[in-house]
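The values are calculated or read from the model by the stated rules, or taken from the named source; none is laboratory data. Given the structure is predicted, the values throughout are model-derived calculations rather than measurements. Glycine also receives a Cβ, built like all others from the backbone with ideal geometry; neighbour counts cover every protein chain displayed.
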Amino acid sequence: MRRATVFILLVNLVTATSAWDAHGHRVITYLALDGLTADMPQFLRENAIRDQIAEQSNEPDRWRGCDVSCLHHENAPDHYLDVELLDQFGLTLDSVPPLRYEYLRALAIAKHEHPDRVDAYDASKDPHRTKEWPGMLPWAIAEHQSKLQSAFNSLRILEALNEPARAHQLAMARANVAYHMGVLSHFVGDAAQPLHTTKHFNGWVGPNPSGYTSAKSFHSYIDGDVIELHKLTYAMLKPAMKHDRRIAEGEEWSATLAHIRRGFERVDELYKLEKSGGLKSEPGKEFISERLRDGAETLTAYYRAAWEAAKPTSKQIADFKKYNNFNPVVLPRE
């Protein structure tokens, strides 16, 4: 009985703190995969691979269900950015550094020099030490997009080598591409959910002159219940998809901040819809549909950008072959 209770608590924790439920993340992924360009790898169009990538889009939330402190500490802040809290540290969404540890350094210096400006932090109420800073979502997106670019680069190198003895390496490279596409999808999807961009992530906090809901069930309602209410599916959303968003090389970071901003700018509207009851009618349906489509269209742009930037040079191909140090003769075989 005790094990069952613990399991239920963990499932509830993941549900309460994730952005979109598993269905929502899968829908975003499938819609994004529809926008792949003709020159991108053909295996990504196979139904089995599409299914795997869509399922992988939920893996970062499963990390949150694993009760290991170091995993909570590393992973939990990657799912959000409380944009309003940046001001306490002398930062804005436009001025945050594009590198994670430079951002953390700026936060630490600001807190050290002006502790009176920063909200008090009680470590005794935060056993995994995840809540001291405003969040890391833009850096999670940028880093996973770069890892996808690296995976595409390795894939193209192995395709260029075209050596039958490296078939297992090629298979692994394809698996890595699918893995990183799925994980990237999760964080891009998180940013499309407005409650992952605000300190009001689960009911309004602090002064509340507009009388918005402070219910601690609000986040989970947006993640899944409202999607179920309006029966939002891949088939329903697909006809309105455009797939015309582009991210030029070198503009990945600005695109990431723009994506975060689009979500943040809809926070007040989301709370107004809840207050008026509009979330349960056509305005709410269109609001959530637009957020899911925006996540998918942005994700497609990231996929394309990672592929287009993965252009291995002849030196990179030669270095791969040299430093991979592969000799099929010494492979253990029985």
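Yes or no: the stretch 10-21 includes at least one residue that is assigned to a helix (DSSP H, G or I), loosely packed, with under 13 Cβ neighbours inside 10 Å and modelled with pLDDT under 70.
The answer is yes; a qualifying residue exists.
Please work out which residue is nearest to Val118 (Cα to Cα), limiting yourself to the stretch 89-105 and to residues that are among the aliphatic types (A, V, I, L, M) and over 19 Å from the mean Cα position of the chain (by Cα).
The selected residue is Leu91.
Taking Glu132 and the conditions (1) free of Cβ contacts under 8 Å to residues at least 24 places away in the same chain; (2) assigned to a helix (DSSP H, G or I); (3) surrounded by 14 or more Cβ atoms within 10 Å (Cβ to Cβ), which numbered condition does it fall short on, given that it satisfies the others?
(2)
Let's see how each residue does on (1) more than 21 Å from the chain's Cα centre (by Cα); (2) buried (at least 16 other Cβ atoms within 10 Å of the Cβ):
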position	(1), (2)
Ser217	yes, no
Ile222	no, yes
Asp225	no, no
His230	yes, yes
Leu237	no, yes
Lys242	no, no
Arg245	no, yes
Trp253	no, yes
Leu273	yes, yes
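List the number of the failed condition for Lys322; all other conditions in (1) loosely packed, with under 13 Cβ neighbours inside 10 Å; (2) farther than 22 Å from Ile157 by Cβ; (3) not hydrophobic (A, V, I, L, M, F, W, C) hold.
(2)
Going by the structure shown, is Met181 over 17 Å from the mean Cα position of the chain (by Cα) and either more than 17 Å from Val83 (Cβ to Cβ) or free of Cβ contacts under 8 Å to residues at least 24 places away in the same chain (or both)? Write out each step before concluding.
Numbers: over 17 Å from the mean Cα position of the chain (by Cα): no; either more than 17 Å from Val83 (Cβ to Cβ) or free of Cβ contacts under 8 Å to residues at least 24 places away in the same chain (or both): yes.
Spelling it out, it is not the case that Met181 is over 17 Å from the mean Cα position of the chain (by Cα) and either more than 17 Å from Val83 (Cβ to Cβ) or free of Cβ contacts under 8 Å to residues at least 24 places away in the same chain (or both).
Evaluate the stretch 72-93: report whether one residue or more is modelled with pLDDT of 95 or more, of a type in the set (Phe, Trp, Tyr) and surrounded by fewer than 16 Cβ atoms within 10 Å (Cβ to Cβ).
no
I'm trying to understand the selection: among the residues of the stretch 22-43, which are out of contact with any helix residue (DSSP H, G or I) (no Cβ under 7 Å at 6 or more places or on another chain) and either at positive phi or part of a helix (DSSP H, G or I) (or both)?
Selection gives Ala22, Gln42.
If Ala215 meets every condition in (1) at pLDDT 95 or above; (2) closer than 26 Å to Leu71 by Cα; (3) outside any helix (DSSP H, G or I); (4) not hydroxyl-bearing (Ser, Thr, Tyr) apart from one, which number is that one?
Going through (1) at pLDDT 95 or above; (2) closer than 26 Å to Leu71 by Cα; (3) outside any helix (DSSP H, G or I); (4) not hydroxyl-bearing (Ser, Thr, Tyr) one by one, Ala215 breaks only (2).
Exactly one of these conditions fails for Thr5: (1) of a type in the set (Val, Ile, Thr); (2) loosely packed, with under 13 Cβ neighbours inside 10 Å; (3) at pLDDT 95 or above. Give me its number.
Evaluating Thr5 over (1) of a type in the set (Val, Ile, Thr); (2) loosely packed, with under 13 Cβ neighbours inside 10 Å; (3) at pLDDT 95 or above leaves (3) as the failure.
Quick one: count up the residues across the stretch 58-98 that are in contact (Cβ under 8 Å) with a residue 12 or more places away in the chain and part of a loop (DSSP other than H, G, I, E, B).
Total meeting the criteria: 11.
Within the set of pairs 6 or more residues apart or between chains, which connect a residue that is among the basic types (Lys, Arg) inside the stretch 231-243 to a residue that is surrounded by 14 or more Cβ atoms within 10 Å (Cβ to Cβ) with Cβ atoms less than 8 Å apart?
Pairs that qualify, where the first residue is among the basic types (Lys, Arg) and the partner is surrounded by 14 or more Cβ atoms within 10 Å (Cβ to Cβ), are Lys238/Leu31; Lys238/Asp34; Lys242/Glu297.
Run Ile53 past the list (1) part of a helix (DSSP H, G or I); (2) under 20 Å from Phe152 (Cβ atoms); (3) in contact with a Lys or Arg (Cβ under 7 Å, 6 or more places away or on another chain) and report the number of the one that doesn't hold.
(3)
Could you tell me which of the residues Leu292, Leu299, Leu273, Leu279 is in contact with a Gly (Cβ under 8 Å, 6 or more places away or on another chain), farther than 26 Å from Thr37 by Cβ and part of a helix (DSSP H, G or I)? Walk me through it before giving the result.
Numbers: Leu292 fails: farther than 26 Å from Thr37 by Cβ; Leu299 fails: farther than 26 Å from Thr37 by Cβ; Leu279 fails: in contact with a Gly (Cβ under 8 Å, 6 or more places away or on another chain).
On inspection, the qualifying residue turns out to be Leu273.
From Ser314, Ser281, grab the single residue that is surrounded by fewer than 15 Cβ atoms within 10 Å (Cβ to Cβ), at pLDDT 95 or above and over 30 Å from Lys242 (Cβ atoms).
Ser314
For the stretch 82-121, give me each residue that is closer than 18 Å to Gly206 by Cβ and of a type in the set (Ser, Thr, Tyr).
Tyr121
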